[in-house]
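Notes follow once the structure below has been shown.
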Amino acid sequence: MELLMSIVIGIVFSVTIYLFMSKDLLRVVAATLLLSHAVHLLLLTMSGLQRGAAPVLSFDAEAYTDPLPQALVLTAIVIAFAVTALLLVMSYRTYKVHKTDDLEELRGSADE
Amino acid sequence: MTLLHWAVLSPFIAAILIPFLYKYLKRIHTGWFVLILPLVLFIYFLSFIPRTSSGEAILNNLDWVPSLGINFNVYVDGLSLLFALLITGIGALVVLYSIYYLSKRKEKLNNFYVYLLMFMGAMLGVVLSDNLIVIYVFWEVTSIASSLLISYWYTREKSIYGAQKSMYITVFGGLSMLAGFSLLYVIAGTFSIRELIANADIVMASGLFIPAMILVLLGAFTKSAQFPFHIWLPDAMEAPTPVSAYLHSATMVKAGIYLVARLTGVFGGAPEWFWIITIAGLVTLTWGSISAVRQKDLKGILAFSTISQLGLIMSLLGTGSAAFYFQDGDNALYMTAILAAVFHLVNHATFKGSLFMAAGIVDHETGTRDIRKLGGLMTIMPITATISLIGLASMAGLPPFNGFLSKEMFLTGMLNVTEYGIFHLETFGFIIPIIAWIASVFTFLYCILMFSKTFMGKFDSSKLKVQHVHEAPIGMLISPIILAVLVVVFGLFPNLLAYSIIEPAMAAIAPGILSPGEFFDVHITHWHGFLAPELWMTIGVVVLGVILFMTFKKWENTAFYRGERDLFNYAYDYGYDGLVKGSQWLTRIQMTGRLRDYFIYMCTFIILIMAYTMYRYNLPAIQSLDLSPVPIYVWFVIAVFIGSVIVIPFINNRVALIIATSVSGFIVALLFVLFRAPDLALTQLLIETVSVILFMLVFYHLPKLKKVKTPPKLKAVKLIISIGFGLIITLGSLSAFSLGQEANYSSISEYYTENAKEEAGGYNIVNVILVDFRGLDTMLEVLVVALAVLTVVSLIRLRFKGSEDV
Amino acid sequence: MSNVIILPVIIPFIIGAILILLYKRHTIQRVISGITMLALLALSVYLAIYVYQHGTLVLEVGDWEAPFGIVIVADLLSTLMLLLSTLVGTVCLFFAFQTIARDREKQFFYPLYLFLMIGVNGSFLTGDLFNLFVFFEVMLIASYGLIVHGGTGYQLRESFKYVIINIFASALFIVGIAWIYSITGTMNMAHIAQRVSELDQTGALNIVAIMLFIVFASKGALFPLYFWLPKSYYGPPAAIAALFGGLLTKVGIYAIIRTFTVIFNHDTGFTHKGLIVTVAGFTMLFGVLGAVSQFDFKRILSYHIISQVGYMVMGLGIFTPLAVAGAIYYIAHHMIVKTALFLFAGATQKITGTTDLKKMGGLIGTHPWLAWLFFITAISLAGIPPLSGFFSKFPIILAGFEEQQYVISAVALLVGLLTLFSMMKIFSYAFWGKQKHTAAQAKIPVGKLLLPILPLVALTIILGFAAEPIFTYSMEVAEDIMNPTNYIESVLKE
Amino acid sequence: MKKPNNMMLQTLTRLIILIVLSFSIYLLLAGHNSPGGGFIGGLMTASAILILYLSFGLNSIKKVIRLDYIKIIGIGLLFASVTGVVSMVFGFPYLKQFFDYFRLPILGEVELTTALPFDLGVYFVVLASALAIILTIAEDDK
């Protein structure tokens, strides 16, 4: 499954990079969301998938899946959420101030 | 710290005091305070003459940065003493002159004297240090001080231009010199000149010898205004005249000469050293003297004449370096050139100093330096005229002035070259004296021109802005008179200097040539006899020079004479513009302001470098992966996931876009469940929900998505880059994963599983990790959330226009 | 005792939280944040001395033994960086007191400021890779907050790009962490280093090394990952631009130095002498050419950050003790000088109301102190001796020649000249020439503004003249970090 | 946001909120032993309160809940950081957690841990953050 997930994550990365190169604020913001999904899945995948029960000791399993990446991903998810919220508001304010969501028009002048 | 160290540093200390003296003792011209220092120093350095003339050298050590091999070791021998005397002696005269030249009411004297003292200290440092890096340090300080002095009248465009030009060119030279010094260090493991000279054979044998030499010479040539780096010197004439007299003729420009002389012991004897310096010197000599003829500005003439004279000294040092090639033979043949170099160095300082001061007086009294406006000043300013006449005659090489003596010796030195019998000189060495002779003709010509245009002819007050032109005040005349007297005295009694100053300097330039206790024969005579070719060459110079002067009217209107500006200035100006324009172009194409371009550049870089690494190391090297099985339902979930992700770039409806994005988020939550991560699934679910709410709130206001019309070419680029990037991530992950399985390290997680209950009192390992094992992460993660909120709130509430604060 | 080393993180955390509670009252926020920064400065001085005398300090947070819990490690390099960051932070804060608008102070300026310090200090101190990521994020989000603080159109536009690129880089950081974890099964840097050194395979490790290099390089603004920097630094007020100019990129550089000395030292021929040196060369060149192209005080300085960062990385790439010591010296020099220069830009803007050089002129006549202090700092940046700039560039270049890296050394020298060129451009446009500001503007006093900058100018002079002790110290730091067993042993207590 | 005045909805909301709130408290407390924790609990509570805002309207709730969420964030941060300081005061490394089991009447054996105030801090910050962000944006709408 790790092989499959690596490929899936690669695909998500491709889509993300493609979206990063688009012209609308919204697409770029969407790209950041997808990107965070991709890396979180990657972190889980790289430690091996489905090799035991959920890491709660009361389940009394023989083996548990690696809990550390889960904890790390949890932290990362929260951070990604915070960043997304900030980014959303920032792009919203950008639109309000510049009256455009077109990154082509948000280039700024050449001499800057 | 010895007295010598204090002597070098004393100008800097004085410089710190100047602003206070200027501020609190306004009634006395600050220059009077300044004058004390060079006088005292001059006398102090005079006291070294007995020791150096007996061949002794004084070395006082002081550690500065010993771990980098940088030590402030002061070294006094004949050569450094000669320069120290020049710096302090001319320095004293220049300060005295400046007291009358610069008005204490109109000028910012504090700035002027601070710069001047900084320069004096730095210059002393250059000539008195034994350590190359310390020399470099002081070297750059002289560049900075010189630029500041050039820009002294900082509101003038030309001053700024000149200051920058001199700074860039000399600092450029300084940096290459530093590179050369570093190479020397790499070769010999020391920055000490004495040790380098002692290890000259190691240096000579190294493959880095030539690069080191060229780099060091670049430094010397830029500083000493050698062709084609001389272009900064004429523009440096924007500085107040005392500065021109001091820095740009007597001292700073001779730092390059000093360096070449000093390092002759290291590099001398190599044919490259001989040729580069000789040719550079001769070309500079000729170019300078021809260009000087074209100048209309008194200081312009003097600037080019300085360039030309520096070239003369340089060429002498070059030819003299052959002495190292014949260490055992009769050295008189080669040492004549060195003798001439040292002697001319002194002479040039005297006559050029007096000439600059005279030019300054003319400028000061008439308000112009343009020789087309001047004329007939002989009767109005008789003393100035006499000073100029002495100086110019000496420069032109006429007897009985000191310039005549050193010029003769110069010709002898150049003639000797044909007899060297090395470097194929016997065949085409004859060109060298011919070039020298031609240059001397032009030197003679511009000397006559300068004198006749300024002092002879008719006085026309209508061309001048100043009403009553009269002779300068006596104070201003003292310094040039002293220098003119010296010109005469050294001319009549050259042997005053011969054994006290010149011979020790020669011995310092050419270490190891003499056996201990031996001295060079430096008896200087006026008369070499009728058969001496030098005499006939001088006569030829005078004759041809006079002819050219007589016919001057004929070629006065030629393009050659009217074009005042040196060709190489255009190179500098185009280079300057080209640098700015080129860098603007470079910056424009990369800093486009387009996020897309940034990603194209960044991702291309990442893909290339990762792909190269993978290629280089044959990655991913997958042997046998231990993969967990993929149940059917996972295939299904993943198919939906990929579908929801891939569709996103094609969506042109913002609501649909948001929905598709959040669907993918929810599927990730589902995947977390499948991967047995309940906490993650729960968190992801909640966060996705809140995110959707946020999305909806915010994008309620955003405009509809436009249909994207991407040009096919761009689309292809985007596709290639994004697919390439995805591939890199996949391949990289596989390599890392397979290496992980190969390495088979046990994860630190095992510790958590074992200890979660007993040591941390919790069953949910993930939560225990979060709040206990890695509690710090969580604490900071919460901080991140808080920060995001603070930012969001400030973003909504603060709406500046851009001029509220700085 | 070792608890002390987490105080640079905890103190701003708690004080920042308290300032949130007081967010409507600007005076008390000022007093508290000012005292806090001074206290942090004193603390980091103490820490630097203590660690210098007694050796590396390690704190196992939560009392969990080393590879399992998070460790905070204060070694020579960390404490030096800490000292510099708090110094820069203190100076910029005191400058901010006098320049920024009141409204900012009521909109969490001080909490954001202190939280940024947490991120920076923590990044220097942590010994755990994932924890480093978290500290990076703290720093970054605080920086997003500060860089867009005020919300002008320009700020929003450029901050958006800044944020996006940083999000991208952070995502790659997690990729790197995932790969590292997959290979070594641990997050503790010393433990990673130990396990990595036991592997004889280099290929896949280099993939990870390069991924992390890319991540840190984009935080450190190396070629060609610096696009977020030049334009975004123009937006915020001078105090913030100075803080960012002094601190942020150096955190990335610190991370590169740390990881590429402790962990990835197995294939230096490829990673250090090949990749890093090449990247450093381009970084220096492109950065300085950017600076040459600009005619704006702040923009020139922003581009210079890039070129200067190149020198530090060059020192690491050459990878001899001399070069690394030079890089460390350079970091110290750069943080001091760059901060000062940005603050000078602020002071100039206070007088002239602009940062456009073509609209300035003749400031040396009306504000000589500003002019001369700027001049000293500017030529120090350009590497003119005997100021700190020279003694930081020189060891790197010398080491370059010693290691036969002639091209990069030549580039470094050339960049020094071009730096002088662009600095003189500022000086000649703004300070020389005819006075372009009004008589009223000429009377604007800047003495109080210059006061916080004075220590920095003094330091660049002292770092030059007293180069010996500083260089010996850098040399000790360099030898310490180039011998990672010290680090590994003190963390893992083996 | 428009103000809905549907009695049914409001009654239902009250019920839902009660359930959600108690569930979120459970999640907060249970986090150490089964899935849950301060973060999840906080978000849960936030969504409950959001539902409150949605069904009763922004202004009416504002009158009832007079809280400055930003200050709650500050308090939450203090909770999270000061717990660790306590262990420092006693000479232990920062953030050392302690726990013990107590027999209490009625409840039986209960585990008390210093991780709880820490988690509570997390809970406060997350709760207040989610609300502050959404409400600030919502207010800006007007």
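Points to keep in mind about this one:
- Using all pairs of distinct alpha-carbon atoms, the Kirkwood hydrodynamic radius of the range B:603-760 works out to 19.6 angstrom.
- Shielding by partners - mean other protein chain Cβ count within 10 Å, residues of B:635-641: 2
- On Cα atoms only, tilt of B:271-294 relative to the major axis of chain B in degrees: 70 degrees
- For B:LYS373 and B:GLU750, the difference between the fully extended length at 0.36 nm per residue and the C-alpha to C-alpha distance is 126.1 nm.
- The spacing between the range B:333-359 and the range C:299-321, judged by their C-alpha centroids, is 46 Å.
- With the convex hull of the Cα atoms taken as the outline of the range B:199-318, the averaged projected area works out to 6.8 nm².
- Translational diffusion coefficient of the protein assembly as shown (Stokes-Einstein, Kirkwood radius from Cα pairs, 10 °C, 1.306 mPa s): 45 µm²/s.
- Proportion of all alpha-carbon pairs of the range B:728-780 beyond 12 Å (%): 69 percent
- Mean partner shielding of peptide C:102-108, defined as the number of other chain Cβ atoms within 10 Å of each residue Cβ, is 5.
- The fraction of accessible area contributed by carbon and sulfur in the range A:2-106 is 56 percent, rounded to a whole number (1.4 Å probe; ligands and nucleic acids excluded).
- Sorted peptide list for B:414-425, B:65-76, B:444-455, criterion being average Cβ within 10 angstrom, highest first: B:444-455, B:65-76, B:414-425
- Cβ-derived FRET efficiency at R0 30 Å, C:TRP372 paired with B:ILE58, nearest 0.05: 0.25
- Based on the convex hull around the alpha carbon atoms, the range B:268-569 presents an average projected area of 16.6 nm².
- Most to least packed among B:560-572, B:749-761 [average Cβ atoms within 10 Å]: B:749-761, B:560-572
- The distance linking the range B:381-447 with the range B:237-269 is 19 Å (Cα centroid to Cα centroid, whole angstrom).
- Exercise: per-residue mean of other protein chain Cβ atoms within 10 Å, C:12-23: 6
- When only alpha carbons are used to place a centre, the range D:22-93 and the range C:234-293 end up 40 Å from one another.
- Hypothetical label at B:TRP536: residues of the range B:377-408 whose amide nitrogen lies under 18 Å (7 Å Cα-Cβ projection): B:408
- Take the Kirkwood radius over Cα pairs of the range B:1-61, plug it into Stokes-Einstein at 10 °C and 1.306 mPa s, and you get 118 µm²/s for translational diffusion.
- Distance between the modelled labels on B:ILE646 and B:GLU758, one decimal in nanometres: 5.1 nm (7 Å Cα→Cβ projection).
- Both radii come from the Cα set of the range C:2-492: Rg as radius of gyration, Rh as Kirkwood radius; their ratio Rg/Rh reads 0.95.
- Across the range C:1-72, the volume of the C-alpha convex hull divided among the residues equals 80 Å³ per residue.
- Rounded to whole Å, sorted largest first: equivalent-ellipsoid semi-axes of the range D:7-140, Cα gyration tensor: 31, 20, 10
- Amide N of the range C:339-353 lying under 19 Å from the label point, which is placed 7 angstrom from the Cα of C:ALA442 along Cα→Cβ: C:348-353
- The angle between the Cα long axis of helix B:567-590 and the longest principal axis of the Cα atoms of chain B comes to about 10 degrees, rounded to the nearest 10.
- The protein assembly as shown - mean residue ellipticity at 222 nm from DSSP helices (-39,500 (n - 2.57) per run, n ≥ 4, rounded to 500): -23500 deg cm²/dmol
- B:LEU608/C:SER2 FRET efficiency (R0 51 Å; Cβ-Cβ; nearest 0.05): 0.70
- Protection proxy ranking for B:55-62, C:295-302, B:721-728, using the average of other Cβ atoms within 10 Å per residue and placing the highest first: C:295-302, B:721-728, B:55-62.
- Under the Debye formula (equal points on every Cα, no solvent term), log10 I(q)/I(0) of the range B:270-351 at q = 0.11, 0.22, 0.26 Å⁻¹: -0.33, -0.95, -1.13
- At R0 = 35 Å, FRET efficiency that the Cβ-Cβ distance of B:VAL485 and B:ARG156 yields, to 0.05: 0.50
- Axis of helix B:209-223 versus longest Cα principal axis of chain B: the two differ by about 70°, to the nearest ten degrees.
- Equivalent-ellipsoid semi-axes of chain B, from the Cα gyration tensor, Å, largest first: 72, 33, 28
- Evaluated at q = 0.12 Å⁻¹: base-10 log I(q)/I(0), Debye formula over Cα of the range A:2-106: -0.54
The values are calculated or read from the model by the stated rules, or taken from the named source; none is laboratory data. Just so we're clear, the structure is a prediction, and the values are computed from it rather than from any experiment. Cβ sites come from the backbone with ideal geometry, for glycine too, and all protein chains shown count toward neighbours. All accessible areas refer to the heavy atoms of the entire protein, side chains included, with ligands and DNA or RNA removed. Shrake-Rupley method; radii C 1.70, N 1.55, O 1.52, S 1.80 Å.
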